[in-house]
Amino acid sequence: MDADELTTVQAKAQELLAGRLAVIKELTGADQSEADAEAAAQRARTTKATVWQKALRAGWSEEELGKLGFKKPTAKLPGRPRGRKSSEKKSPQQPQSKDSSAGKTIPEQPGEAVRPADATGSR
C-alpha cells in the first residue's frame with residue numbers, strides 16, 4: 001500500500017468513526033442526565049422521609065397519614081435507628097476491685113505451706 005492509498009483508507013475510517021463518535025457524545029450526555037435525575041430523586045426521597053418523621057413526632061399516625069393520601073416513604077433516614085427504650089432495668093455490674101483478695105495467697109510462715117487468703121483456720 002502506498003502513501004496515497006493509506007491516506008484514502010484513513011480518511012474513510014475517520015468518516016466511519018465520526019458517526020460512531022457522535023453517538024458516544026450523545027450517550028455520555030444521556031448517562032449524565034440519568035445520574036442527575038437519580039440523585040435528585042434520592043434527595044426527594046430523603047426529604048420525604050425526614051418530613052414524614054416530623055409528622056409522626058407532631059402526633060400524626062401512619063394510618064392517619066395514609067387516610068390523607070400520603071404513602072409511607074420508601075427511603076430510610078441515614079444514621080442509627082432510634083430504638084425504643086426498654087422498661088427493663090438491668091442490674092449494674094459490680095466492678096472488680098484491684099484490691100480484691102480473691103485468688104491471692106498469704107506468704108507462708110515458717111513451718112507452714114502457702115494457703116489461700118480467704119481460707120480461715122485456727123492456729
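Coordinate-derived values only; no laboratory data. Here the structure is a predicted model, which is why all the values come from computation and not from measurement. With ideal geometry, Cβ positions are generated from the backbone for all residues, glycine too; neighbour counts draw on all protein chains shown.
So the values come out like this:
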| item | result |
| --- | --- |
| Per-residue ³J(HN,Hα) for segment 13-29, Karplus 6.51 cos²θ - 1.76 cosθ + 1.60, θ = phi - 60°, Hz, x for Gly and Pro | 4, 5, 5, 5, 6, 4, x, 6, 5, 4, 5, 5, 4, 5, 5, 4, x |
| Environment charge of residue 9, counting only residues whose C-beta is closer than 12 Å and scoring Lys/Arg +1, Asp/Glu -1 | -3 |
| Three-way shape call for segment 1-88 based on the alpha-carbon gyration tensor, with the a/c threshold at 1.5 | prolate |
